[in-house]
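Reading through the structure tokens given below for one structure.
The values are calculated or read from the model by the stated rules, or taken from the named source; none is laboratory data. Values in this document were obtained by computation on a predicted structure and should not be read as measured data. In this analysis, Cβ positions are derived from the backbone assuming ideal geometry, glycine residues included, and neighbour counts consider all displayed protein chains.
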Amino acid sequence: MEWAALLAWLATALGGASLLVQWLRHRGLGQREGIRAGRLFTHAGLAVGGVALWIAFVFSEESVFAWLAVGLLVAVALLGATMFAIWLRGQNRREHTTVPAETSFPVPVVLLHGVLGISTLALAVLAASGVGT
């Protein structure tokens, strides 16, 4: 189960990285509306920290690493949910003069990133709880 969570986490990260590239290409760093840099980089940074802790868990089997990773993953998911809401709101603003960078995100990638993120959280909680060992 811990390996499945790791694979899901890495797949989620790939989707997130592609969204980050789109956001940067469309001048997301300087925007005053939509998803701001602080929120996005906090989301990404916590996710990277969480996956590092998860890798430590996979190789050491110390449950403290798993639960710390799950805690970070909850924070990542909450930030992700707020960014999803901001993205949804921005989808209705395409006709305005200032268009947030995240309106360029491909809908399938956003949805897949979210579904993979939720799956990662579920798998991580199950693995941290000892299910499948």
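Inclusion of Ala47 among residues that are within 18 Å of the chain's Cα centre (by Cα) and within 29 Å of Ser129 (Cβ to Cβ) is warranted. Evaluating Leu111 against the criteria (1) modelled with pLDDT of 95 or more; (2) crowded, with 17+ Cβ neighbours inside 10 Å leaves one unmet condition, (2).
I'd like the full set of residues that are among the hydroxyl-bearing types (Ser, Thr, Tyr) and surrounded by fewer than 20 Cβ atoms within 10 Å (Cβ to Cβ), limited to segment 1-18.
Within segment 1-18, the subset among the hydroxyl-bearing types (Ser, Thr, Tyr) is 12, 18.
Of everything in segment 1-18, just one residue is among the hydroxyl-bearing types (Ser, Thr, Tyr) and surrounded by fewer than 20 Cβ atoms within 10 Å (Cβ to Cβ), namely Ser18.
Of everything in segment 66-90 that's under 13 Å from the mean Cα position of the chain (by Cα) and free of Cβ contacts under 8 Å to residues at least 12 places away in the same chain, which residue is farthest from Gln22 (Cα to Cα)? Looking at the filtered set, the residue picked out is Leu78.
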